[in-house]
Amino acid sequence: MAAGLSGFAVLAAAMPNPVAAGIDAGHGMVAGSTIRPIVRVSAIARSEETIVFAIPAGPLDDALAAYAGASGVQLIYDARTSGRVRSPGLSGDFSREDGLRQLLAGTGLVPQFAGERMATLVRVVAEAAPALASDADVTLDMLEVMGDGTVGPVNGYVARRSATATKTGTSILETPQAINVVGRKEIEDRQAQSVSQALLYTPGVLTQYGTDLRYDWLYVRGFVPGRYLDGLRLPFGARGYSQPRIESYGLERIELLKGPSSGLYGQNSPGGLLNLISKRPSAVPLREIQLQTGSFGRAQAAFDLSGPVDPDGKILYRLTGLARTTGTQVDYLEEDRVFIAPSVAFRPDADTSLTILSQYLHIDSPGGGAPQGLPTLGTLYSNPNGRIPTRRFIGEPNYDRFKLDQGFIGYAFEHRYNDVWTVRQNLRFSHVEADTQRVQAIGLAANGRTLSRYAWAFPERSNLFNVDNQAEARFLTGPFAHTLLFGADYLREDARYDESELQVVPSVDIFAPTYAGTVTRPPLGTRITQGRNQTGLYAQDEIRSGGFTLTLSGRQDWADAVTRTRTVASGALTQVRQNDAAFTGRVGLSYLFDGGLAPYISYATSFQPTSGTNRLGSPFAPTTGEQIEAGIKVQPPGTNLLLTGAVFDLTQQNVLTPDSADFRFNTQAGEARVRGVELEAKASLTDSLDLTASYAGMSSEFTKANANAAGVSIVGNALPFVPRHQAAAWLDYTVRTGTFAGLGLGAGVRYIGTSVGDNANLYRTPAVTLVDAAIRYDFGYRHPALKGVDMAVNATNLFDKTHVTTCIAATGCFYGNRQTILATLRYRW
């Protein structure tokens with residue numbers, strides 16, 4: 001049936017325990033998933049034939065989500081007919097069919113059931129639809145709605161639910177921890193070309209190195225977040241160079257959970273966890289091709305295809321791909337990229353789904369994949385010879401190169417046994433192989449021009465297997481509704497890192513470079529192999545009574561690693577074994593008022609293994625973290641608006657600091673603390689107006705540390721990459737009627753306050769304010785023959801402001817991205 005429903009929406013929501021429903025539903029699509037919608041309704045199953053509904057009047061999409069959640073009926077309907085329609089609501093004891101007809105009264109839609117649990121909503125003639133706005137024939141963005149909404153499209157800019165924070169799809173409103181979600185529409189409106197760019201308007205996040213084609217370097221609340229794809233950890237390698245680069249075009253949404261998350265996920269930093277959600281197969285046919293050009297000789301083509309394979313819609317597919325070649329603002333630094341992501345979903349019945357997810361990415365980057373660090377003199381500080389140009393390349397054009405090959409394959413399985421129990425298993429195998437060779441700076445001579453350099457190479461490869469098994473139960477005990485989660489996960493990562501010897505190469509004049517021309521790859525100096533395992537058992541109970549939700553989670557982890565280091569020249573081999581065990585958890589309490597206001601408070605802990613040994617040869621213990629956070633979230637019923645505010649105080653213990661008995665070694669006597677406030681507003685105020693705005697104010701310091709060899713301590717110093725203040729706002733408006741119908745405009749401003757780049761606080765990056773803008777046009781408004789064709793022009797750093805993002809050393813300064821303009825032509829049908 002679904003095979004011919006192009007342009008339609010699907011709402012499939014089987015709720016295992018309708019009695020326990022008590023939180024808001026979100027809009028989104030999860031092909032091949034039957035996780036429950038979380039709906040603010042009271043729906044009590046009386047028998048197989050009748051259900052008691054209590055769905056308030058309001059937007060039809062919200063009412064349909066509530067109905068699907070209570071009844072378990074899969075709905076297929078044209079999203080263009082529902083976006084501006086209100087439902088009269090539904091209250092009382094009805095059969096599934098009679099209840100749906102009553103819910104649709106006056107909307108111009110009628111149901112056609114194809115069995116007890118599937119219905120298509122058909123629009124009657126326009127005269128019979130008085131609830132539609134006068135301009136209801138305007139084509140709106142297609143919205144495919146499935147009851148989950150945790151791994152599917154975000155409705156405009158506002159996500160209502162998250163799969164990351166609790167693993168059970170709890171509404172963001174009732175999650176007792178800060179979480180930021182960037183959806184597909186926001187990514188497209190700003191044409192974010194990477195995960196880092198997608199998070200530029202998110203509070204508490206700092207990107208680090210500017211034009212880096214290799215990795216997304218991010219700091220969240222002062223720490224590097226753990227990185228996950230579809231809920232499973234991504235490879236990291238022995239030294240962090242075999243990290244994968246996740247293509248933003250292949251993502252449906254980006255979720256950032258703030259603060260410690262070890263209670264569900266195991267080893268992580270206390271700053272946060274980044275979970276990237278892949279595009280998944282859609283029950284609605286989806287077809288898109290895209291061409292893009294712009295600054296620095298960019299040429300890109302992409303496609304995104306999805307839909308049902310069989311007439312019954314039990315097999316769905318998606319195929320997403322991209323190819324790009326481009327230069328950058330840095331001389332000789334270029335990129336060739338190929339990305340392909342096939343996936344298929346099997347849904348044999350309403351209670352079972354299996355989605356196979358895979359992707360492959362290849363990057364070839366002459367120039368080494370990223371700009372080399374530049375001297376502070378001429379970037380951060382003045383140089384008598386002038387400012388070093390942002391285009392300056394200090395490597396060797398014939399030597400510097402970065403190559404990346406990565407592949408993932410895995411699946412997400414779910415089966416609902418009954419109204420109480422649901423089981424899930426997520427599994428993936430990942431392979432990442434990165435080969436980097438670069439020429440980098442040693443130091444700047446007294447004349448401020450001559451830069452000494454060295455060449456090196458550091459390839460790394462990693463294989464990672466991980467699996468997460470979950471069992472979820474929803475039930476009542478007296479006045480308490482429980483969402484109980486049990487889980488067991490395991491990961492194994494094997495990595496090999498080869499570091500060459502360092503080879504001095506001829507110096508260059510940084511203001512008028514003449515390159516050496518011939519640099520050979522230095523011989524292997526050190527080889528590090530590492531195998532590590534993590535096994536975790538966790539449990540969580542979300543207990544609801546009235547407006548209160550108490551979230552309790554706990555996890556026991558066992559982590560071990562064996563690291564072997566061989567020095568080629570001497571033949572010396574060292575081996576370090578680490579065996580760590582830790583218990584972590586979270587406790588949070590929130591209260592949801594009828595008006596959509598939810599204050600909360602939470603306490604959470606984390607742990608993270610630390611590599612290396614002390615002067616006695618003993619391996620380091622894991623760092624530990626703890627955070628207390630309080631906040632408030634507001635999401636008024638009937639609106640697509642989410643306001644969040646949080647204050648937090650987090651501390652990391654067992655931080656490495658110099659050993660006072662022998663400064664050649666470290667000891668775990670350090671402690672770091674970050675405190676702050678974060679505010680965020682996400683709104684799709686109408687189908688034409690979207691807004692995101694944020695602010696973060698943070699203070700950080702090292703509260704404990706030994707002095708170094710010079711007798712200097714970093715106690716009281718700020719942590720690197722923690723701006724005192726950050727603020728950002730983006731407003732996007734589309735004209736729907738009149739002469740300029742189809743025209744869209746977007747504008748944003750970002751302020752990044754001062755921050756330091758090193759523990760000693762020697763290098764302080766000044767504050768900067770940057771402006772972004774967009775303009776687009778949908779040709780189908782004025783020319784029906786061009787329906788589905790639109791063009792967008794996006795500019796980041798519109799006024800081309802030269803700025804330094806960070807300085808980590810005397811020859812470790814990095815420029816931010818200069819003005820970049822992209823023109824994108826897209827066709828959807």
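The values are calculated or read from the model by the stated rules, or taken from the named source; none is laboratory data. Quick caveat: nothing in here was measured; it's all calculated off a predicted structure. Heads up, the Cβs are rebuilt from the backbone with ideal geometry, glycines too, and the neighbour counts pull from every protein chain shown. Heavy atoms of the whole protein, side chains included, go into the accessibility calculation; ligands, DNA and RNA do not. Shrake-Rupley method; radii C 1.70, N 1.55, O 1.52, S 1.80 Å.
Take the conditions within 30 Å of Ser602 (Cα to Cα) and either modelled with pLDDT of 95 or more or surrounded by 24 or more Cβ atoms within 10 Å (Cβ to Cβ) (or both) and apply them to Ser261. Does it pass?
yes
Answer yes or no as to whether Tyr249 is part of a helix (DSSP H, G or I), under 29 Å from Ser306 (Cβ atoms) and modelled with pLDDT of 95 or more.
Taking the combined requirement at face value, the residue satisfies it.
Which residue, of Ala792, Ala728, Ala774, is open to solvent by less than 30 Å² (accessible area, probe 1.4 Å), in contact (Cβ under 8 Å) with a residue 60 or more places away in the chain and under 28 Å from Val284 (Cα atoms)?
After applying the criteria, what remains is Ala792.
Determine whether segment 344-358 contains at least one residue that is without any contact (Cβ under 8 Å) to a residue 40 or more places away in the chain and aliphatic (A, V, I, L, M).
No, segment 344-358 has no match at all.
So is Val771 in a strand (DSSP E or B), over 22 Å from the mean Cα position of the chain (by Cα) and β-branched (Val, Ile, Thr) or not?
yes
Any residue in segment 673-682 that is open to solvent by less than 60 Å² (accessible area, probe 1.4 Å), at pLDDT below 95 and part of a strand (DSSP E or B)?
no
From (1) under 22 Å from Asp580 (Cα atoms); (2) buried (at least 24 other Cβ atoms within 10 Å of the Cβ); (3) at pLDDT 95 or above, pick out the condition that doesn't hold for Tyr228.
Every condition holds for Tyr228 apart from (2).
For segment 252-301, which residues satisfy the criterion of being of a type in the set (Gly, Ala, Ser) and under 19 Å from Gln540 (Cβ atoms)?
Gly259, Ser261, Ser262, Gly263, Gly266, Gly272
Cβ-Cβ distance below 6 Å, separation of 6 or more or different chains: which pairs start in segment 389-414 with a residue that is closer than 12 Å to Gly369 by Cα and surrounded by 23 or more Cβ atoms within 10 Å (Cβ to Cβ) and end on one that is at pLDDT 95 or above and basic (Lys, Arg)?
Gly395/Arg438; Asp400/Arg438
Could you check segment 684-740 and list, in sequence order, the residues that are more than 27 Å from the chain's Cα centre (by Cα), farther than 30 Å from Asn155 by Cα, among the β-branched types (Val, Ile, Thr) and not in a strand (DSSP E or B)?
Residues satisfying the conditions are Val712, Ile714, Val715.
Of all the strands (runs of 3 or more DSSP E) wholly in segment 353-470, which have at least 2 residues that are among the basic types (Lys, Arg) and modelled with pLDDT of 95 or more?
The strands (runs of 3 or more DSSP E) meeting that bar are 401-416, 421-444.
Looking at segment 547-560, which of the residues that are small (Gly, Ala, Ser) and in contact (Cβ under 8 Å) with a residue 60 or more places away in the chain is nearest to Val467 (Cα to Cα)?
Ala559
Filter segment 561-583 down to residues that are under 30 Å from Thr526 (Cα atoms) and touching a residue at least 12 places away in the same chain (Cβ under 8 Å), then give me how many there are.
16
When segment 634-650 is examined, which residues are found to be more than 30 Å from Ser684 (Cα to Cα) and open to solvent by less than 20 Å² (accessible area, probe 1.4 Å)?
Leu650
If Tyr600 meets every condition in (1) assigned to a strand (DSSP E or B); (2) farther than 15 Å from Pro270 by Cβ; (3) open to solvent by 60 Å² or more (accessible area, probe 1.4 Å); (4) among the aromatic types (Phe, Trp, Tyr) apart from one, which number is that one?
(3)
On the basis of being open to solvent by 40 Å² or more (accessible area, probe 1.4 Å) and under 22 Å from Arg391 (Cβ atoms), does Thr518 make the cut?
no
Is it fair to say Val562 is closer than 28 Å to Ser606 by Cβ and more than 28 Å from the chain's Cα centre (by Cα)?
For Val562, the condition - closer than 28 Å to Ser606 by Cβ and more than 28 Å from the chain's Cα centre (by Cα) - is met.
Which ones in segment 741-767 are under 29 Å from Ile808 (Cβ atoms) and not in a loop (DSSP other than H, G, I, E, B)?
Hits for segment 741-767 are Gly748, Val749, Arg750, Tyr751, Ile752, Ser755, Val756, Arg764, Thr765.
Could you please give the count of residues in segment 168-182 that are modelled with pLDDT under 95 and either of a type outside the set (Val, Ile, Thr) or open to solvent by 10 Å² or more (accessible area, probe 1.4 Å) (or both)?
4
Within segment 474-488, restricting attention to residues that are surrounded by fewer than 20 Cβ atoms within 10 Å (Cβ to Cβ) and aliphatic (A, V, I, L, M), which residue is farthest from Leu264 (Cα to Cα)?
Looking at the filtered set, the residue picked out is Leu476.
Report, by residue number, each residue of segment 334-361 that is surrounded by fewer than 20 Cβ atoms within 10 Å (Cβ to Cβ) and over 22 Å from the mean Cα position of the chain (by Cα).
Within segment 334-361, Glu334, Asp336, Phe346, Pro348, Asp349, Ala350, Asp351, Thr352, Leu354 qualify.
Quick one: which residue in Asp304, Asp331, Asp364 is of a type in the set (Asp, Glu) and either open to solvent by 50 Å² or more (accessible area, probe 1.4 Å) or closer than 30 Å to Asn447 by Cβ (or both)?
So the residue among Asp304, Asp331, Asp364 that is of a type in the set (Asp, Glu) and either open to solvent by 50 Å² or more (accessible area, probe 1.4 Å) or closer than 30 Å to Asn447 by Cβ (or both) is Asp331.
Being modelled with pLDDT of 70 or more and touching a Ser or Thr at 6+ places or on another chain (Cβ under 9 Å) is the filter here, so list the residues in segment 120-152 that pass it.
Leu121, Thr150, Val151, Gly152
Tell me which residues, restricted to segment 683-712, are open to solvent by 20 Å² or more (accessible area, probe 1.4 Å) and of a type in the set (A, V, I, L, M).
Leu685, Leu689, Leu691, Ala693, Ala705, Ala707, Ala709, Ala710, Val712
Within segment 209-221, count every residue that is more than 14 Å from Glu247 (Cα to Cα), open to solvent by less than 10 Å² (accessible area, probe 1.4 Å) and either part of a loop (DSSP other than H, G, I, E, B) or among the polar types (S, T, N, Q) (or both).
Residues that pass the stated criteria total 1.
So Ala661 clears everything in (1) surrounded by fewer than 18 Cβ atoms within 10 Å (Cβ to Cβ); (2) touching a strand residue (DSSP E or B) at 6+ places or on another chain (Cβ under 6 Å) except one condition, right? Which one?
(2)
Mind checking which residues of segment 307-330 are under 30 Å from Gln372 (Cβ atoms) and among the hydroxyl-bearing types (Ser, Thr, Tyr)?
Passing the criteria: Thr325, Thr326, Thr328.
Answer yes if at least one residue in segment 426-433 is buried (at least 17 other Cβ atoms within 10 Å of the Cβ) and aromatic (Phe, Trp, Tyr), and no otherwise.
Checked against the condition, which is being buried (at least 17 other Cβ atoms within 10 Å of the Cβ) and aromatic (Phe, Trp, Tyr), segment 426-433 yields no hits at all.
Looking only at residues that are assigned to a loop (DSSP other than H, G, I, E, B) and at pLDDT 95 or above in segment 521-550, which one is farthest from Gly612 (Cα to Cα)?
Arg521
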